[in-house]
Amino acid sequence: MTVVRHDSPSAYALAFPVIAGFGSGALFSATEYPVLAPLAVAEHSGALIVQVFVQSLGGLLGISVGAGLLQHGLDGRLSSAQLGSTASHALFYEIIPTIRSLPDPSKIAVEVAFGESLDAVWRAMSGVAIVGLLSCVLMRHVSIPSGLDERVLQEDAVTETKRVQTHIV
């Protein structure tokens, strides 16, 4: 499923997250319009607050699920003999600094185990992304309202009147 293997150049591991980052950034900003379109202008601020909360919650769940899948995959693929002095059930971020000091056969086995475990993470996140893309088919076309919020205009007029009155006095 993934292109990056244990013997792939480092540029692959650096370039692909950059591409994914651009895609994520585009999705974060593109979801604003379908959220705001069916609402009145006065309701936009509340809708954006909920949208940011849901995006943050989704990021948190994605990291948690990804870390859980990675840890579970490493637990099943690594033995204490491959890790040397590190326990086989150590958290994956505790294993990472020790990989460079491992002998070559164990080092390659650990790198392959990480790659296979990350493959499971990619599969799970790809499934979530596919469901999200399919949900776009269900969206209806709604034009974004172009009017102004009357309450804001009234507040601006009151503020301007007070400012002018203070300059006259």
Expected sort for 127-135, 95-103, 65-73 on mean C-beta neighbours within 10 Å, highest first, is 65-73, 95-103, 127-135
Expressed in nanometres to one decimal, the distance between label points 7 Å along Cα→Cβ at Ala40 and Arg100 is 6.1
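Coordinate-derived values only; no laboratory data. Small disclaimer: the values here were computed from a predicted structure and weren't measured. Cβ coordinates were reconstructed from backbone atoms using ideal geometry, including for glycine residues, and neighbour counts include every protein chain displayed.
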